[in-house]
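*Asks:* Can you read through this structure? Questions will come right after.
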Amino acid sequence: MNRRRFIGAGAAGLVTMPWVSRAQDAARIWRIGFLEAGAPAANQHFLDAFKSGLREQGYVEGQNVVVVERWADGNVERFPVLLDELIQAKVDIIVVASTPGAVAAKAAVKTIPVIFVGAGDPVGVGIVASLGRPGGNLTGFSQAEEEGLVGKRIELFREAVPPIDRLALIWNPRAPSVARLKEARSSAAKFKVTIRPFEVRDAKELDGIFATIAKERFTRLMVLADPLTVRNRVHIVELAAKSRLPAIYPFLEFAHVGGLMAYGPSIPELFRRAAGYVDKMVKGAKPADLPVEQPTKFDFVMNLKTAKALGLTIPRTVLARADEVIQ
């Protein structure tokens, strides 16, 4: 081969190589690990929202993406084992739900990009270095600050079922979040509401907790978000109904199974948005450079069927503020 032909062939190769690389990337099937804190029976709609987001980004399951599912069934102790299973399955990216899931991923996953969904206070619990520059291999979508959420819930609760001066609060102290109870009390104090916390570490404790709430004559209840409470939302709502106890919950999923009212970030929307981060990483973005994003959509849901069963009349002004009213 003479020099001119060699240079021409080399130049052609330089032009062609990126196109070959792009063709190879286009033909690649990306393996996305999906680890949800709950069980499929209760939280399938989270996976459905994530897959819907993937379709919006142009991904077709079985053609250019495969979702490898794992479910913790509300048991946070299972996260390390399930994360190891995803690593062994050679996934390219992991999407993990909840604060405990993100904390477990921080400890167990060292190189695979991780997108967390619904983590509370990701800087405070050590998941990321900062919201703007996470550093490391984790980034994702956080919940709003607990104090702001509790304050908004109390505001809505006081308008819907006044008066409120004492409020029973069900929460899981094992949930890794900084000063959640302190923040809740601080927010409640602004409305001159006293909070009485009831700790739940195991679903078996719920019946006893509700018996104590009734014995102490609390007439209003608030439930904080946690994989345990979300997983057992049907039982919690049933116990509240049996006790004829008006309650406000952290997510719309509680209202959909009979809870009186709910206010909080839309978790399905966060999962849908997580698919956008998957697409960015597929295209070369690093988790360290993708900022942790906050919720942009909040759901306020009223269940009028439950209100009627409790003998409550919800003011029209409250109903007008609701994003969804369940008849």
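*Asks:* Hey, among the residues in the stretch 268-303 that are of a type in the set (Phe, Trp, Tyr) and either in contact with a His (Cβ under 6 Å, 6 or more places away or on another chain) or in a strand (DSSP E or B) (or both), which one's modelled with the highest pLDDT? Even if it seems obvious, please write down each step before you answer.
*Replies:* Let us first name the residues in the stretch 268-303 that are of a type in the set (Phe, Trp, Tyr), namely 271, 277, 298, 300.
Filter again for either in contact with a His (Cβ under 6 Å, 6 or more places away or on another chain) or in a strand (DSSP E or B) (or both), leaving 298, 300.
Details: Phe298: 94, Phe300: 97.
Step by step, filter the stretch 268-303, then rank; the result is Phe300.
*Asks:* Same structure again: From the list Thr313, Thr306, exactly one residue is among the β-branched types (Val, Ile, Thr), part of a loop (DSSP other than H, G, I, E, B) and not assigned by TED's automatic domain parsing to the domain that holds Ala49. Which is it? Steps first, please.
*Replies:* Details: Thr306 fails: part of a loop (DSSP other than H, G, I, E, B).
Criteria check complete, one pass: Thr313.
*Asks:* Met261 passes all but one of (1) touching an Asp or Glu at 6+ places or on another chain (Cβ under 9 Å); (2) of a type outside the set (Val, Ile, Thr); (3) within 19 Å of Asn232 (Cα to Cα); which number fails?
*Replies:* Result: Met261 passes all but (1).
*Asks:* Please go through the stretch 69-86 and give me each residue that is surrounded by fewer than 16 Cβ atoms within 10 Å (Cβ to Cβ) and modelled with pLDDT of 95 or more, ordered by number.
*Replies:* If the condition is that a residue be surrounded by fewer than 16 Cβ atoms within 10 Å (Cβ to Cβ) and modelled with pLDDT of 95 or more, then Glu69, Pro80, Val81, Asp84, Glu85 are the ones that fit.
*Asks:* Let me ask something additional. Check Glu183 against each of (1) surrounded by 24 or more Cβ atoms within 10 Å (Cβ to Cβ); (2) over 22 Å from Ala41 (Cα atoms) and name the one condition it does not meet.
*Replies:* (1)
*Asks:* Ser98 passes all but one of (1) of a type in the set (Ser, Thr, Tyr); (2) at pLDDT below 95; (3) surrounded by fewer than 22 Cβ atoms within 10 Å (Cβ to Cβ); which number fails?
*Replies:* Every listed condition holds for Ser98 apart from (3).
*Asks:* Specify the residue that is nearest to Leu228 (Cα to Cα); the eligible residues are those in the stretch 186-206 that are buried (at least 19 other Cβ atoms within 10 Å of the Cβ) and in contact with a strand residue (DSSP E or B) (Cβ under 7 Å, 6 or more places away or on another chain).
*Replies:* Within the stretch 186-206, the first condition is being buried (at least 19 other Cβ atoms within 10 Å of the Cβ), and the residues that meet it are 187-188, 193, 195, 198, 200, 206.
So of that shortlist, the ones also in contact with a strand residue (DSSP E or B) (Cβ under 7 Å, 6 or more places away or on another chain) come out as 188, 193, 195, 198, 200.
On the way: Ala188: 23, Val193: 26, Ile195: 21, Phe198: 14, Val200: 9 Å.
Out of the qualifying residues, it is Val200.
*Asks:* Out of Met261, Met222, I need the residue that is modelled with pLDDT of 95 or more, closer than 15 Å to Asn172 by Cα and of a type outside the set (Val, Ile, Thr). Which one?
*Replies:* On the way: Met261 fails: closer than 15 Å to Asn172 by Cα.
Testing whether each residue is modelled with pLDDT of 95 or more, closer than 15 Å to Asn172 by Cα and of a type outside the set (Val, Ile, Thr) leaves just Met222.
*Asks:* Another one. Got a sec? Which strands (runs of 3 or more DSSP E) wholly within the stretch 173-267 have at least 1 residues that are under 20 Å from Lys152 (Cβ atoms) and in contact (Cβ under 8 Å) with a residue 40 or more places away in the chain?
*Replies:* Details: elements: 194-199, 221-223, 247-249, 261-265.
The strands (runs of 3 or more DSSP E) meeting that bar are 221-223, 247-249, 261-265.
*Asks:* Only residues that are in a helix (DSSP H, G or I) and either of a type in the set (Gly, Ala, Ser) or not assigned by TED's automatic domain parsing to the domain that holds Leu131 (or both): list them for the stretch 77-116, please. Talk me through it step by step, then tell me what you get.
*Replies:* Within the stretch 77-116, the first condition is being in a helix (DSSP H, G or I), and the residues that meet it are 77-88, 99-108.
Result: Gly101, Ala102, Ala104, Ala105, Ala107, Ala108.
The values are calculated or read from the model by the stated rules, or taken from the named source; none is laboratory data. Because the structure is predicted, anything quoted here is derived from the model rather than measured. Ideal geometry is used to build each Cβ from the backbone, glycine not excepted, and the neighbour counts take in all protein chains shown.
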